[in-house]
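One structure below.
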Amino acid sequence: MKIKGQLLVLLSVTAILLFLFSGLAMAQEEESKLKMDEYKAELAGYETREAEAGAKIAALESENAALKAEIEATQIQIDAEWETIYAAIGVSKEEVEDYRSNLGSIDSQIDGLAELSPEELFRNRDEICEIAARIEEAKGQNPAILSEMQEKLAALDGKLANLKAKVPANIFDQYSVVKGDYLWKISKKDEIYGDALQWIRIYCVNKDQIKDPDLIQPEQVLNIARGVGQDEYLVVKGEWLSRIAGYAKVYNDPTKWTKLYEANKDVISDPSLVYPHQVIQIPQD
């Protein structure tokens, strides 16, 4: 009887365990089924959105194609109008592009010079003059009529004016007079001109503070010119006023020598006699 009782208990426990495991399995199966349904529903949602996005992309591509066609048609009309304008002013599209490129080159050249120091700009005055000549030449060409080019030319004029404003009238070293100095002695110094005869150049450049070239005072600070100013001329041996006036870079007219004389009476006592190394002013009309 005791064995039968134990067997009955064992069978009861087994039955309970089987019932529990069966319920757990059914619950897991039901949970898996719910997860699969959720997955399928989510997947269906993705597929729906993908289809909607594809439809929108197709619609946008169609709109994009239509816009491209419209832009191309508009560009054709614009090109035709420009061709009419170019024909009216007597230029081709290629000539306008070359003109635009030329203005761009001038602009870059000005920008390059603007990076230089005032002293370097002084030494590059010829290049600045060449740029000014290029701009003036460009103003006389047919594409200059176009509003775009007028704006570019005006901008170049402004940049060139700013560049010219940075160019000093001349470049100088300075020398402080000591006791026993006189202009010949100073001019002969190696660090000055190494030539006593150039004393007159020192006098001409410093005439605002030297009233008598034979009399200078200790502690005077003299400018020692290292270049020739825009409106100055450095006389060389064998020259006279009418010859200087006749140079193209001066007046290109020998008869204007009187203008030189009138402007330089403070350093020229006899109009028939000028000396090498004199610095004379070139007054402009």
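The values are calculated or read from the model by the stated rules, or taken from the named source; none is laboratory data. Remember, it's a predicted structure, so these values are computed and weren't measured experimentally. Here Cβ is always computed from backbone atoms with ideal geometry, including for glycine, and neighbour counts include all displayed protein chains.
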> Would segment 140-147 turn up any residue that is outside any helix (DSSP H, G or I), over 26 Å from residue 232 (Cα atoms) and polar (S, T, N, Q)?
Replying inline: yes
> With respect to the numbered conditions (1) outside the structural domain of residue 222 (by TED's automatic domain parsing); (2) under 23 Å from residue 229 (Cβ atoms); (3) at pLDDT 95 or above; (4) not polar (S, T, N, Q), which one is the sole condition not fulfilled by residue 120?
Replying inline: (3)
>> What's the number of the only condition in (1) part of a loop (DSSP other than H, G, I, E, B); (2) free of Cβ contacts under 8 Å to residues at least 12 places away in the same chain; (3) at negative phi that residue 154 fails to meet?
In response: (1)
> Residue check: is residue 233 surrounded by 15 or more Cβ atoms within 10 Å (Cβ to Cβ), hydroxyl-bearing (Ser, Thr, Tyr) and part of a loop (DSSP other than H, G, I, E, B)?
Replying inline: no
>> For segment 94-117, give me each residue that is of a type outside the set (Val, Ile, Thr), surrounded by 12 or more Cβ atoms within 10 Å (Cβ to Cβ) and either in the same structural domain as residue 226 (by TED's automatic domain parsing) or under 14 Å from residue 165 (Cα atoms) (or both).
In response: 113, 114, 116
> Across segment 228-261, what is the number of residues that are over 30 Å from residue 120 (Cβ atoms) and β-branched (Val, Ile, Thr)?
Replying inline: 2
